[in-house]
1. Test residue 109 against the stated conditions and say whether it is modelled with pLDDT of 80 or more, farther than 15 Å from residue 207 by Cα and in a helix (DSSP H, G or I).
2. Are any residues in the stretch 114-144 under 28 Å from residue 183 (Cα atoms), without any contact (Cβ under 8 Å) to a residue 40 or more places away in the chain and surrounded by fewer than 21 Cβ atoms within 10 Å (Cβ to Cβ), and if so, which ones?
3. For the stretch 69-82, what are the residues that are in contact with a strand residue (DSSP E or B) (Cβ under 7 Å, 6 or more places away or on another chain) and in a loop (DSSP other than H, G, I, E, B)?
4. Can you confirm whether residue 8 is touching a strand residue (DSSP E or B) at 6+ places or on another chain (Cβ under 9 Å), closer than 30 Å to residue 174 by Cβ and either modelled with pLDDT under 95 or outside any loop (DSSP other than H, G, I, E, B) (or both)?
5. Quickly run through the stretch 67-79 and pick out the residues that are within 26 Å of residue 37 (Cα to Cα) and over 12 Å from the mean Cα position of the chain (by Cα).
6. With the checklist (1) closer than 21 Å to residue 99 by Cα; (2) modelled with pLDDT of 80 or more; (3) part of a loop (DSSP other than H, G, I, E, B) in hand, flag the one item residue 152 doesn't pass.
7. Which one is farthest from residue 100 (Cα to Cα), of the residues in the stretch 159-196 that are surrounded by 13 or more Cβ atoms within 10 Å (Cβ to Cβ) and free of Cβ contacts under 8 Å to residues at least 24 places away in the same chain?
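The values are calculated or read from the model by the stated rules, or taken from the named source; none is laboratory data. Quick caveat: nothing in here was measured; it's all calculated off a predicted structure. Cβ coordinates were reconstructed from backbone atoms using ideal geometry, including for glycine residues, and neighbour counts include every protein chain displayed.
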């Protein structure tokens, strides 16, 4: 079944830039403000400052650095997703290490990009993330492949009863792997968020998994979604 992308914005995308380097923040703001459909509503030099923005403003997407003073960007991502599940977080960092990528996806990030990413690719990534796609820097796709092939099995626990998923659960798992939020998925399938949450809990229990990136690995490994669909 063809996946229909959800266009989740009908107005300029409201972006918050979080990085502890003033010049880098300024450069990103200048770049993004050239786009008609993107507006930078603010910038922050720390995770705490970024979280404060959510107390006073409604944001669509956060460009999040990892190496921040005090609370790091991964913990900030987790807190933002807990507070505002519909908000997208794109990690933009210099770290190209596997643990950071997996922890970012586990925290709920919609993507993981390196600071070497070209300007036009970053702008495209923001729009695609808002449309429900998961964005991963091409260099790091091999990390996901490694996970799928089972080279890193620590913390993974797929059960032998994985074939017990219903067709509906497989469909929902596919959309989860593509980065859909519970609300977006509920809207698309015309059901309640509680129904989606119940299905998701059942899926995780049947597969004996407890992390989002593990669900993505499972979906790829069992042909429910392809790496091209996730990272294209």
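1. Working: modelled with pLDDT of 80 or more: yes; farther than 15 Å from residue 207 by Cα: yes; in a helix (DSSP H, G or I): no.
It is false that residue 109 is modelled with pLDDT of 80 or more, farther than 15 Å from residue 207 by Cα and in a helix (DSSP H, G or I).
2. 121, 124, 128
3. Selection gives nothing.
4. Considered against the rule, which asks whether it is touching a strand residue (DSSP E or B) at 6+ places or on another chain (Cβ under 9 Å), closer than 30 Å to residue 174 by Cβ and either modelled with pLDDT under 95 or outside any loop (DSSP other than H, G, I, E, B) (or both), residue 8 comes out as yes.
5. 73, 76
6. Single failed check for residue 152: (2).
7. Restricting to residues being surrounded by 13 or more Cβ atoms within 10 Å (Cβ to Cβ) and free of Cβ contacts under 8 Å to residues at least 24 places away in the same chain, the top hit is 191.
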